[in-house]
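J.: Quick one: structure below, then a few questions.
Throughout, read-outs are computed from the coordinates displayed, never taken from laboratory work. Being a predicted model, the structure only gives us computed values, none of them experimental. Neighbour counts run over all protein chains shown; Cβ positions are idealised from the backbone, glycine included.
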Amino acid sequence: MNMNASPDDRRRLRGLLVALIVFLPVVFLWGSLTVTIPSGYAGLTFHTFGEGVDPTESPLTSGFHFKAPWNKVYKYEVRQTEQLESLEVLSSNLLKINMEMTVFTQPVYGKLGYLETERGRNYESAVIRPAMRSVAREVIAKYLPEEFNTTKREQIQIEIQDQLSKKLAANYVQLNDVLIRNIQLPKTLEEAIERKLQQEQESLEYEFRLEKAQKEADRLRIEAAGIRDFEEIISKGLSDKLLKWKGIEATKEISKSNNAKVVIVGGGDAGLPIILGNQ
């Protein structure tokens, strides 16, 4: 320190030294005193001088946090993630079936501490994937391969989802959805199924044509019966006397017109008049 400096300069210099002594350690230790949790993640504090991660302690939410410089913070993604697994399983008749299973999961937020202490941060490979393989083999073994091409396919997927959901929940993982796709059956079986479906389609078409022909025959039969009944009614209702009377009535109406005509009485069939001339 310059002995010729004024008292004010010496005070300012001492203040600067004090500030450096106080703030330099803070600057160097700032990284160990704070932690930032990204969006979609949560933090678990590892207490170095304690018992590590306390499973009952609430996780750190996304954002800025202070911590003791000797503690660590483990960051867990709590958003939904996707896991794809290619599987080879056996059906109930021991035929191989290749398929792909995709699951959408996320850790149970309030159980992150237990997930860390009991399963570890690699829980996806330690918990989710083994559970996918185990449940798929267990469920598929109940069904025949050809049932995958029927309405039972949806039933199979629902059964896999229900069992997998229970298994993952016991390991602090939430299952949101399951997709089964790219199912590959043995080639000979696929060909047999295609032939069966084609035969069923042809049978349905044949039944449709038979039903249509039967309906047309019924329609024609009903129509013929109606015509026959109509003719029978007419033939019974029109007697000779009635026809003669109708002829007389018609002749009277024609005779009233102003057109020139010649009426020959009794000249027609059954004694009816014959009318000649413009009508």
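J.: For the range 132-182, give the magnitude of the charge dipole about the Cα centre (Cβ charges: +1 Lys/Arg, -1 Asp/Glu; no others), in debye to the nearest 20.
T.: About 180 debye.
J.: Read phi for every residue in the range 134-141 and hand back ³J(HN,Hα) as whole Hz from Karplus 6.51 cos²θ - 1.76 cosθ + 1.60, θ = phi - 60°, with x for Gly and Pro.
T.: Those phi angles translate into 5, 5, 4, 5, 5, 6, 4, 5 Hz.
J.: When you count, for each residue, the other Cβ atoms within 10 Å and take the mean per peptide, how do 109-121, 216-228 rank with the highest first?
T.: So the peptides 109-121, 216-228, ranked by packing, come out 109-121, 216-228.
J.: With the cut-off at 19 Å, tell me which of the pairs Lys75/Lys166; Lys96/Lys167; Lys152/Lys196; Lys96/Lys187; Lys142/Lys187 have Cα atoms farther apart than that.
T.: The pairs that break the limit, which is 19 Å between Cα atoms, are Lys75/Lys166; Lys96/Lys167; Lys142/Lys187.
J.: Additional query: HN-Hα J couplings of the range 166-181 from phi, Karplus 6.51/-1.76/1.60, θ = phi - 60°, integer Hz, Gly and Pro as x?
T.: Working through the residues one at a time gives 5, 5, 6, 4, 5, 10, 6, 10, 9, 9, 9, 6, 9, 10, 10, 8 Hz.
J.: Right, something else. Nothing charged except the Cβ atoms of Lys and Arg (+1) and of Asp and Glu (-1): what's the magnitude of the dipole of the range 57-96 about its Cα centre? Round to the nearest 20 debye.
T.: 240
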